[in-house]
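Undergrad: Below is one structure. I have some questions about it.
Values quoted throughout were computed directly from the atomic coordinates according to the rules given, and no laboratory measurement underlies them. It should be emphasised that the depicted structure is a prediction, and the values quoted were computed from it without experimental measurement. So basically every Cβ, Gly included, is an ideal-geometry build from the backbone, and we count neighbours across all protein chains shown.
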Amino acid sequence: MSTAQGNIPNKAKGKGKGKKGQAASIPSSGPVLDQPPIPADVAKNPEELMKLAFKRAMISGNFLDTKFYAYSRRKPSGVVYAPIAIHANSYILRAKEPQYFEPLLRGGYDGYCITGPLDGPFPDEFPAEIGADGYESDSDLEDDEEKAQSAGTSLTGSSSSSEPVILDPDFSLGDSDVERKHETDETNEGHVDREEDPVVGGTGRVRLIRTFAFPTWRAFIFYITTGEISFSRLKSQSRIPGSSETSKKAKKSGASHPASPKSMYTLSDELGLDKLKELAKKDIESKLSADNILAELFSSFTAKYDAIQELEVDYACNNAKEVVAKGLYEWMDSISPEDLKRNAGVLARLFQKMAVGPSNPATSRPTSCPSCRAGTKGYSSFYSICGNCNNNV
């Protein structure tokens, strides 16, 4: 795995902020727990690696020896909060992606990382909320809605409620069909079904993940551990009938919790995981339609990545050209000058692609002189002189 800046994720630097607008004091990592070296020839196959990690845990009695916290919600002010715990096996993580997880689990990248009880509450050393710098507007974070909103429907055809909705993190945070209201618990950790709370004991590394939302990180850890991943629908997509029942069934199966393909694309780009990045890209492509292409073209996510711009512009011109042509200027009028400037690259690609008409079919060259049938000797273009009979060809 190769990541930017000497194997340090792009967003790992310069993120030492606690509550929005305040500098945070990053706690020291404390004593580093003994972590046995990973053999160079260790099996990377998920099934074999899982067996190996389990064999080791049969002696230690501590299969889930690492605890991450990731934020799950965002306030209208932009502050992210409600960190939720995700447990993992460090041996598997270090074996699969050592260049990233070795330093991460030792407190690298200037992050919040301590040694502490794995069954303890959210550490006092960690900020319960931080500024949302680095999070996309269409990330896996669940947004609290403003108490008062103007009436009306957006150009995507979606409307929003004035009441904040908190979701069960065991479902996709982007799936409106499984939304249900509840109170957050007093520790600000968000809601987790208590019947599924993992029983974890002992001491291990506790690490705060600041730049990836809870559903994204949970799906990523599942992917690293099992090699499997599933993606939620795009927020610009229409609701899928029956998705609530499908989500409930998935919850009881061994399938991965879904995550936003956009958030996973960002994470995999950040960490240099090309295979995962391609999976996320293909999923985004599969979810484009005439109904949501304009929303996707003008998203902050699309503006960041040339590959996504190219993908969506191609789709717009090949599959939804009429829809885009009719709605483009209305859409441009509806967005702010800042957003319009941000998407200048997308517009340039789109206008260039739409301006190019269908190419004329290539004129076939003769294979022989029509007068003497002597072949192509003596001419290289259609209007030439035959070298055999001197006739115009």
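Undergrad: Using a Förster distance of 41 Å, how high is the FRET efficiency between Lys51 and Lys304, based on the Cβ-Cβ distance and rounded to 0.05?
TA: That gives a FRET efficiency of 0.55.
Undergrad: Continuing with this model, one more query. Arranged by the count of other C-beta atoms within 10 angstrom, fewest first, what order do Tyr112, Tyr329, Tyr315 take?
TA: By the 10 Å Cβ count, ascending, the order reads Tyr329, Tyr315, Tyr112.
Undergrad: Modelling each spin label as a point 7 Å along the Cα-to-Cβ direction, I'd like the Met354/Ala40 distance in nm, to one decimal.
TA: 5.6
Undergrad: Given the Cα-Cα distance of Ile59 and Ala290 and 0.36 nm per residue of separation, how much length would full extension add, in nm?
TA: The span from Ile59 to Ala290 would gain 77.6 nm if fully extended.
Undergrad: Going down the table (Lys275/Lys353; Lys75/Lys281; Lys235/Lys281; Lys282/Lys321; Lys282/Lys304), which pairs top 24 Å between alpha carbons?
TA: Working: Lys275/Lys353 29 Å; Lys75/Lys281 28 Å; Lys235/Lys281 16 Å; Lys282/Lys321 21 Å; Lys282/Lys304 17 Å.
The answer is Lys275/Lys353; Lys75/Lys281.
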